[in-house]
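One structure below.
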Amino acid sequence: MHYGKVSKAVFIDRPNRFIAHVEIDGHENTVHVKNTGRCRELLIPGAEVWLAGSDNPARRTAYDLIAVRKSNGLLVNIDSQAPNAVAREWLDAQGFDLIRPEFQYGRSRLDFMMERGDERFLMEVKGCTLERDGIGYFPDAPTQRGAKHLRELAKAEGYHAVLLFVIQMDGITEVRGNRDTDPAFCQALEEAKEAGVKVIFLPCHVEPDGLSFAANEKTPRL
């Protein structure tokens, strides 16, 4: 997936979850942050960031903050909507007869339901932006909703249940539960695995103007 009108800026601060102040060509601007997670190790003063411009004149902010250069040089896409777009591109390449997004199951709305022949699949997508020593971790902030989705997957009957981690940075191939931040999610993750939920890691390539899954012989399949 790709963005239009991408601009480079310098991060100043983040007064709340939804907005940040950045410097563009020497001028301070307020921009929308497309991620409500903490991103504390990413959004630090002086960091290089990339913005996607908007053509909507009714918006309060003219830009979305979509990517940041981490202090170790790693370029990270932080757009929380990007993982589902990339997941859909990945699914489209796998020969499913039906792909239905936003599928209501139990008390949750799961990201995808797929059919291929007589097989049915339920899939929840999580984007990983947190990296430590070459390993991805999720979540970077507590998520009761994420644990709820895992419990729904764990008890799904008549479906292959799948949790897909879309890794929003290059070179990372594994995601682990971030127990220090959200032990409840990590417990739900372990219980889901024991119940037969398949966990898949989708490595990706990041550019300032886009995020794409790494299409090669090692790309996971369903």
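None of the figures in this text is laboratory data; all of them are computed from the coordinates on show. Since the structure is predicted, the reported quantities are computational estimates derived from the model, not experimental observations. Quick reminder, even Gly has a Cβ in these numbers, built from the backbone with ideal geometry, and neighbours come from all protein chains shown.
Details
- Net charge over other residues, Cβ less than 14 angstrom from the Cβ of Arg116 (K, R count +1; D, E count -1): -2
- DSSP bridge orientation in the chain - percent antiparallel, rounded to nearest 5: 70
- Ratio of the Cα radius of gyration of segment 6-77 to 2.2 N^0.38 Å, where N counts its residues: 1.01
- C-alpha center-to-center spacing [segment 147-219, segment 55-71] in angstrom: 26
- For a label point 7 Å along the Cα-to-beta-carbon line of Ser80, residues of segment 102-143 with backbone N under 12 Å: 127, 140-143
- Within the shell of other residues whose beta carbon sits under 14 angstrom from the beta carbon of Glu41, the net charge comes to +2, with Lys and Arg scored +1 and Asp and Glu -1.
- In this simple spin-label approximation, Glu102 and His2 carry label points 7 Å from Cα along the Cα→Cβ vector, and these lie 2.6 nm apart.
- The chain, helix-only ellipticity at 222 nm - DSSP H runs n ≥ 4, -39,500 (n - 2.57), divided by all residues, nearest 500: -4500 deg cm²/dmol
- Note on segment 154-214: antiparallel DSSP beta bridges, both residues inside, total approximately 45 percent of the bridges counted.
- Inter-part distance where segment 1-33 and segment 79-132 are each reduced to a Cα centre, Å: 29
- Amide H contacts under 5 Å for His160, placed H, 5+ residues apart: Arg120, Phe121, Leu122
- Of Trp90, Pro139, Cys128, farthest towards positive along the dipole that unit charges on Lys, Arg, Asp, Glu beta carbons give the chain: Pro139
- Residue-span extension gain [Asp133 to Ser54] - 0.36 nm each, minus C-alpha spacing: 24.9 nm
- Using R0 = 41 Å, the C-beta based FRET efficiency linking Ala195 and Lys70 works out to 0.75.
- Put in order of Cβ neighbour count within 10 Å, fewest first, the listed residues Asp25, Asp64 become Asp25, Asp64.
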